[in-house]
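Comments concern the structure below.
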Amino acid sequence: MIKVKEIKDDAIIQIPVSKGYYMMVKNLAFTLINNLMQQNKSDEYFQEVLSKPYVELDDDQRSLHTVSLLVAEIEAQANKNQLFIEKEILEPGDEGYIAPTVD
């Protein structure tokens, strides 16, 4: 017999999240979406992430669902604690606009 530790069913764990970690989680979400799009997944496939019960989703949909919930909770907490800033971003056609580059 072995002993393992398991988080209690009613536990709520608060984890401080830096902007860097938030950006990594968002990148993970975009990577999952891009990989699924490259597999030519349908719009319906993506909609199922929102509409089907978690237990009925496939592994990729569950991963996307989980990461989406994490991003949403981070953003909700940032909004609740007034941790967002607003800034203006130039668009193509605006004076002074410089197209982004990959270094």
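The values are calculated or read from the model by the stated rules, or taken from the named source; none is laboratory data. Remember, predicted model here, so these are calculated numbers, not experimental data. Methodologically, a virtual Cβ is constructed for each residue, glycine included, from the backbone with ideal geometry; neighbour enumeration extends over all protein chains shown.
Surrounded by fewer than 10 Cβ atoms within 10 Å (Cβ to Cβ), out of contact with any Leu (no Cβ under 8 Å at 6 or more places or on another chain) and free of Cβ contacts under 8 Å to residues at least 40 places away in the same chain, is that true of GLU73? No; evaluated as a whole, the condition is false for this residue.
Regarding LEU36, is this residue within 26 Å of GLN14 (Cβ to Cβ) and either modelled with pLDDT of 95 or more or outside any helix (DSSP H, G or I) (or both)? So LEU36 fails the test.
Say whether the condition of being surrounded by 13 or more Cβ atoms within 10 Å (Cβ to Cβ), more than 18 Å from LYS26 (Cβ to Cβ), of a type in the set (Phe, Trp, Tyr) and more than 13 Å from the chain's Cα centre (by Cα) is met by at least one residue in the range 41-56.
So far as the range 41-56 goes, yes, one or more of its residues are surrounded by 13 or more Cβ atoms within 10 Å (Cβ to Cβ), more than 18 Å from LYS26 (Cβ to Cβ), of a type in the set (Phe, Trp, Tyr) and more than 13 Å from the chain's Cα centre (by Cα).
Could you list, in sequence order, the residues of the range 47-103 that are within 17 Å of PRO16 (Cβ to Cβ) and outside any helix (DSSP H, G or I)?
ASN81, GLN82, LEU83, PHE84 - these are the residues of the range 47-103 that are within 17 Å of PRO16 (Cβ to Cβ) and outside any helix (DSSP H, G or I).
Can you confirm whether TYR22 is assigned to a helix (DSSP H, G or I) and surrounded by 10 or more Cβ atoms within 10 Å (Cβ to Cβ)? Answer is yes for this residue.
Looking at PHE30, is it outside any loop (DSSP other than H, G, I, E, B), at pLDDT 95 or above and either among the polar types (S, T, N, Q) or within 27 Å of ILE13 (Cα to Cα) (or both)?
Working: outside any loop (DSSP other than H, G, I, E, B): yes; at pLDDT 95 or above: yes; either among the polar types (S, T, N, Q) or within 27 Å of ILE13 (Cα to Cα) (or both): yes.
Considered against the rule, which asks whether it is outside any loop (DSSP other than H, G, I, E, B), at pLDDT 95 or above and either among the polar types (S, T, N, Q) or within 27 Å of ILE13 (Cα to Cα) (or both), PHE30 comes out as yes.
Each residue in the range 1-19 was checked for being surrounded by 10 or more Cβ atoms within 10 Å (Cβ to Cβ) and either among the small types (Gly, Ala, Ser) or in a loop (DSSP other than H, G, I, E, B) (or both), and 1 of them qualify.
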